[in-house]
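Each remark here refers to the structure printed beneath this line.
The values are calculated or read from the model by the stated rules, or taken from the named source; none is laboratory data. Since we're looking at a predicted model, the values are computed, not measured. Heads up, the Cβs are rebuilt from the backbone with ideal geometry, glycines too, and the neighbour counts pull from every protein chain shown. We work out accessible area using only protein heavy atoms, side chains counted, and drop any ligands, DNA or RNA first. Shrake-Rupley method; radii C 1.70, N 1.55, O 1.52, S 1.80 Å.
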Amino acid sequence: MLSHGGAEANNLNVVFLPFCITSHTIPMIDMARIFAMHGVNITILTTAGNVGIFQKCIERDISHGRCIKIHLLEFPAKQVGLPIGLEIVNANTPPPTALKIFEGCELLRPQIENYLFDKLEVDCIVSDMFYPWTVETAAKLGVPRFVFCPASIFSRCAELSFIQHTAHTEVKSDFEKVMIIGLPHKLEIARLQLPLWLKEPTEFGSIMKLVDDSTRRSYGAVFNSFYDMEGAYEEHYKNVFGTKCWSIGPVSFWANQDLSDKAERGDEKVEEGDVLLQWLNSKKENSVIYVSFGSINKFLTSQLIEIAHALEASTHDFIWVVRKNNDVGVSEGEQGFMEEFEKRVKESGKGYLIWGWAPQLLILENKAIGGIVTHCGWNTTIESMNVGLPMVTWPLFAEQFFHEKLVVEVLKIGVSIGVRKWRDWNEFGSEVVKREDIGKAIGLVMGNGKEAKEMRSRAQALSEDSKKAILVGGSSHAKLIQIIEELHSLKLQRLNGGI
Ligand code: UDP
């Protein structure tokens, strides 16, 4: 039984501060909604340009009696030289615009603090990692600050390992593997697969230093994870970061139980679900591979063509979420390729291309889906685990290579496609994964070989664990209740002049 009780948290006011990147906002909003399900009064601080990706589900929650308020901040568009409404970073945001959006978010601080100090009774701030200054805001208010990072606990521990032990400086070549020192598992990673900011001074590295400092000074961290999967890393995190740490996921499954929540999650322009579901429902169980690279990635046309060939040659049907790309230097032969390809696979019924925003939760839970090709963004990774899908891992940027390690080597529920080199989120990189390698990895994961069967059964067991975690008595549920009780007792102490 799922708990939707409201008695646990009378009069507790928690403020959520999501960051202006789609995949940061989505899980944080799910988390806020879970707190609201358990009787906490929630205020979400955001801007008008961001609210569209979650407004409908919040309206539905409010109609179910949950106490959620959205307070709109005024994005300083003029100050950073942006047109009105460009306030969130997604696949269509050019890198210079993204930088201006980040700058605009930084300028929100006085507005946020004024609102928190003057207008609201606050008992806790749950802040995206990219608002490190909220640790000071919370201190001024005398309330705890929880940091939210939309990645795995594993990846945060791995990053800290390289910062503390600098193992990457011990090898001579970028292709050599280095030990991720101090983790609960013995793991190695090629230096070329490490984020640049961990290897040399970069602007992002300076931001991450602030993030890490504020993380250590936070009351605790909340992750979209669950103890059966990452428990060892939750304990390790507490030791290395020296704060509390709670896994309270999978948040997507917990928060989005209504069909409409699943269908409309994440973007205003979601692909029409009816035709897609009809297509999926016509397919046999476990016969379709879902191919998606998250909310922000774009590939060069040459890479799209390799993927297309691999999918067309595969014995399995597919859904592919493709991001339109206007890259320069496309040859004559490449022009028009995707249109022709789509026409062919549509006519034969082999494939379904989504050129915009996919209703991912609905797709993943459909019985026809037998596996996923993923870039190892954490949200997609945990959403796939939740439904027991084995994965073809194709990491690209951010902490995705660490997630690949977790999926392939620790949990053993995926096959690596063999990407060799990390690149930044706003670059295409020079590496093109060949159709043969793509086809081979898909064949392995979707096939009936011993390895595939074992992987599928491990993925299924993990799915069951993840579903149990959010039930009454499950680990994520218990931790949420623990957080709420702790916030209550901190509030009492505060009211009694204790802190
Ligand atoms: N997502 C979606 N439809 C899409 C693309 C992404 O619903 O077409 C959702 C997906 O379910 C996940 C998030 O957007 O919750 C993407 O986050 P992830 O961490 O996987 O990747 P990122 O976008 O950070 O690369």
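Once region 289-303 is narrowed to residues that are aliphatic (A, V, I, L, M) and within 16 Å of the ligand (Cβ to nearest atom), the residue that is modelled with the lowest pLDDT is ILE296. Counting residues in region 136-152 that are charged (D, E, K, R) and buried (at least 21 other Cβ atoms within 10 Å of the Cβ) gives one or more.
If a residue has to be within 16 Å of the ligand (Cβ to nearest atom) and of a type outside the set (Ser, Thr, Tyr) to count, how many in region 124-158 make the cut? Adding up the residues that qualify gives 10. On the stretch given as region 256-279, residues that are of a type outside the set (Ser, Thr, Tyr), within 15 Å of the ligand (Cβ to nearest atom) and open to solvent by less than 60 Å² (accessible area, probe 1.4 Å) total 12.
Going by the structure shown, is ASP228 more than 19 Å from ASN379 (Cβ to Cβ), away from the ligand (no atom under 16 Å from the Cβ), of a type outside the set (Ser, Thr, Tyr) and not assigned by TED's automatic domain parsing to the domain that holds TRP425? Spelling it out, it is not the case that ASP228 is more than 19 Å from ASN379 (Cβ to Cβ), away from the ligand (no atom under 16 Å from the Cβ), of a type outside the set (Ser, Thr, Tyr) and not assigned by TED's automatic domain parsing to the domain that holds TRP425.
For region 308-361, filtering for residues that are free of Cβ contacts under 8 Å to residues at least 40 places away in the same chain and of a type in the set (S, T, N, Q) leaves 5.
Any residue in region 388-399 that is part of a helix (DSSP H, G or I) and either open to solvent by 10 Å² or more (accessible area, probe 1.4 Å) or more than 12 Å from the ligand (Cβ to nearest atom) (or both)? If you could, list the steps in order and put the result at the bottom.
Residues of region 388-399 that are part of a helix (DSSP H, G or I), as a first pass: none.
No: zero hits.
Only one of the numbered conditions (1) open to solvent by 10 Å² or more (accessible area, probe 1.4 Å); (2) out of contact with any Ser or Thr (no Cβ under 6 Å at 6 or more places or on another chain) is violated by VAL288, and that is (1).
Going through (1) part of a helix (DSSP H, G or I); (2) out of contact with any Lys or Arg (no Cβ under 7 Å at 6 or more places or on another chain) one by one, LEU353 falls short only on (1). Among the residues of region 42-73, those identified as surrounded by 15 or more Cβ atoms within 10 Å (Cβ to Cβ) and over 26 Å from LEU86 (Cα atoms) are ASP61, ARG66, CYS67.
Inspection of region 175-197 finds a residue satisfying the criterion of being open to solvent by 20 Å² or more (accessible area, probe 1.4 Å), of a type in the set (S, T, N, Q) and modelled with pLDDT of 95 or more. Only one entry of GLU365, GLU332, GLU339, GLU347 meets the criterion of being within 14 Å of the ligand (Cβ to nearest atom) and open to solvent by 40 Å² or more (accessible area, probe 1.4 Å), and that entry is GLU365.
Somewhere in region 74-83, is a residue open to solvent by 70 Å² or more (accessible area, probe 1.4 Å) and closer than 15 Å to THR46 by Cβ? Can you show your working first?
Quick first cut of region 74-83, residues open to solvent by 70 Å² or more (accessible area, probe 1.4 Å) only: 74, 78-79, 83.
Cutting the leftovers down to closer than 15 Å to THR46 by Cβ gives us 74.
Checking region 74-83: at least one residue is open to solvent by 70 Å² or more (accessible area, probe 1.4 Å) and closer than 15 Å to THR46 by Cβ.
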